[in-house]
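Some notes on the structure that comes next.
The values are calculated or read from the model by the stated rules, or taken from the named source; none is laboratory data. Keep in mind that what you see is a predicted model, and the values were worked out from it rather than measured. For neighbour counting, all protein chains shown are included, and Cβ atoms are generated from backbone atoms with ideal geometry for every residue, glycine included. In case anyone asks, the SASA skips ligands and DNA or RNA and just uses the protein heavy atoms, side chains included. Shrake-Rupley method; radii C 1.70, N 1.55, O 1.52, S 1.80 Å.
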Amino acid sequence: MSSFYIRLYKDSDYHIVRDIFARGIHEHTAASFRRTLGLPQVWIPSLVVTWLPLLITGCLFTSALAVTIILGLVWSLNRYIYTSYVSFTLRDDMLDIENYYLHREDRCFWVAESAGEIVGTVAAAPLLKTGEEKQMELKRLSVPRRHRGKGIAQALCRTVIDFAQRCGYKAVVLDTSMIQISSWKLYEKMGFRRTHYCYPDHCFVRYIDFIDVHYRYDIPTQE
């Protein structure tokens, strides 16, 4: 079992932290693509478009070209979900991580380090919803593939929970995607409960059935 420790983010971590985040998000494209291909609203029209040119023209090349175009389109739609999210995030809270997370109240950003290498990231920030109880949002959790299975993600989640408790928050909330099944298992193992599903704010997410899954962890009341 490898050893690691969790510390506060510092500016020298900037490029590697952003890279870990971006790679972690982009790697879900393939799984999302495979799931999309199994949807009736995708494969039935695809089958029609594939066979229709063959039946009309008898040209196998035309049919193969139609398949290639359809697969390319479906891949591009799935990839766009992730690339647009990464692009937005790198221009938003992860543009100036230190000022956004370390110089503002009830916010923080941590990294896990092992043998001088950053092997995980996580952030916490208040969920800004007027008129509701104080909820802390767990954000930017990412562990490179080769370092998974070592308890790093669990430790980073626990760090956010402990931080939220110290700050007087009632719950920790987060969202993940439908295809991130390993993430579900992690959160549910740690005591998070699934609260609801929703579609992100993209015009075509319903077509490819891209769904966000929301979780909540209720922080025990201190006596």
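Structure values in brief
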read-out	value
The one condition in (1) within 30 Å of residue 36 (Cβ to Cβ); (2) part of a helix (DSSP H, G or I) that residue 159 fails to fulfil	(1)
Residue within the stretch 163-177 that is charged (D, E, K, R) and touching a Phe, Trp or Tyr at 6+ places or on another chain (Cβ under 8 Å) present	yes
Complete set of residues in the stretch 162-182 that are in a helix (DSSP H, G or I) and hydroxyl-bearing (Ser, Thr, Tyr)	182
Residue count, the stretch 194-216 (criterion: more than 20 Å from residue 172 (Cα to Cα), open to solvent by less than 40 Å² (accessible area, probe 1.4 Å) and acidic (Asp, Glu))	1
Within the stretch 1-32, considering residues that are open to solvent by less than 50 Å² (accessible area, probe 1.4 Å), of a type in the set (Ser, Thr, Tyr) and farther than 22 Å from residue 124 by Cα, the one farthest from the chain's Cα centre (by Cα)	2
Filter result (part of a loop (DSSP other than H, G, I, E, B), under 16 Å from the mean Cα position of the chain (by Cα) and free of Cβ contacts under 8 Å to residues at least 24 places away in the same chain) within the stretch 183-223	199, 201
Helices (runs of 4 or more DSSP H) wholly inside the stretch 1-115 that include at least 3 residues being under 22 Å from residue 212 (Cβ atoms) and modelled with pLDDT under 95	29-37, 40-57, 60-91
Number of the condition not met by residue 47 [criteria: (1) surrounded by 13 or more Cβ atoms within 10 Å (Cβ to Cβ); (2) farther than 28 Å from residue 144 by Cα; (3) not polar (S, T, N, Q)]	(1)
Members of the stretch 98-129 found to be among the polar types (S, T, N, Q) and under 22 Å from residue 217 (Cβ atoms), listed by number	121
Residue in the stretch 151-161 that is out of contact with any Leu (no Cβ under 6 Å at 6 or more places or on another chain), modelled with pLDDT of 95 or more and of a type in the set (Gly, Ala, Ser) present	yes
Within the stretch 169-193, considering residues that are farther than 11 Å from residue 219 by Cβ and small (Gly, Ala, Ser), the one surrounded by the fewest Cβ atoms within 10 Å (Cβ to Cβ)	182
Test for residue 81: is it open to solvent by 20 Å² or more (accessible area, probe 1.4 Å) and either over 19 Å from residue 11 (Cα atoms) or not aliphatic (A, V, I, L, M) (or both)	no
Residue count, the stretch 119-168 (criterion: open to solvent by 20 Å² or more (accessible area, probe 1.4 Å) and under 20 Å from residue 95 (Cβ atoms))	6
